[in-house]
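Only the coordinates and a few stated rules stand behind these numbers; no lab work does. None of these values were measured; they are calculated from a predicted model. Neighbour counts run over all protein chains shown; Cβ positions are idealised from the backbone, glycine included.
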Amino acid sequence: MNNSILGKYCVVTIGHRVSKIGEIKKVNGRTIHVDWGHKVMIYMNKDFRWIPVTKEEIEETYKKSKFTEETLIRAAALGIEIQ
């Protein structure tokens, strides 16, 4: 992993619904720091299992019906526009 993922997002889904959106805040040689809104989690590179995506990729991939009320609020806070 390198700094090319810095500022990208991670999406956690349960079934077909988006349950969490995290923003990658810091990347160094051994760890990745993800801000999930309520908490910043630190993952070892080998334990990081998400595919980082851009804001545009989230907007194109996921429709409003796929989001919970909480994740819609989180998306708005991150500047992601869900249609």
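Given R₀ = 25 Å, what would the calculated FRET efficiency be for residue 60 paired with residue 3, taking r from the Cβ atoms and rounding to 0.05?
0.55
Within the stretch 9-42, report the trypsin sites (Lys or Arg not before Pro) that DSSP leaves as loop and that have at most 13 other Cβ atoms within 10 Å.
Hits after loop and neighbour filter: 30, 39.
Can you compute the label reach from residue 82? Point 7 Å from Cα along the Cβ direction, backbone N cut-off under 15 Å, restricted to the stretch 2-33.
Once the point is set 7 Å along Cα→Cβ of residue 82, 10-23 turn out to lie under 15 Å by backbone N, inside the stretch 2-33.
Over the chain, what is the mean sequence separation of C-alpha contacts under 8 Å (at least six apart), divided by residue count, expressed as relative contact order in percent?
Reported as a whole number, the value is 26 percent.
What is the gain in length, in nm to one decimal, between residue 69 and residue 38 on full extension, counting 0.36 nm per residue of separation less the C-alpha to C-alpha distance?
Gain on stretching residue 69 to residue 38: 9.7 nm.
Report, in deg cm²/dmol and to the nearest 500, the calculated mean residue ellipticity at 222 nm for the chain, where each DSSP H run with n ≥ 4 adds -39500 (n - 2.57) and the sum is divided by the residue count.
The helix contribution divided over the chain gives -5000 deg cm²/dmol.
Decide, for the chain, between rounded, prolate and oblate: order the square roots of the alpha carbon gyration tensor eigenvalues as a ≥ b ≥ c, take rounded if a/c falls under 1.5, and otherwise choose prolate if a/b is larger than b/c, else oblate.
prolate
By its C-alpha gyration tensor, with a ≥ b ≥ c as the square roots of the eigenvalues, how is the stretch 1-46 shaped: rounded for a/c under 1.5, else prolate for a/b larger than b/c, else oblate?
Prolate shape, in that a/c is at least 1.5 and a/b is the bigger ratio.
How would you classify the stretch 44-83 from its alpha-carbon gyration tensor, with a ≥ b ≥ c the square roots of the eigenvalues: rounded for a/c under 1.5, else prolate if a/b is greater than b/c, otherwise oblate?
prolate
Got a sec to turn the phi values of the stretch 41-57 into Karplus ³J(HN,Hα) couplings, 6.51 cos²θ - 1.76 cosθ + 1.60 with θ = phi - 60°, whole Hz, x for Gly and Pro?
9, 10, 10, 5, 3, 5, 9, 7, 10, 9, 9, x, 10, 8, 4, 5, 5
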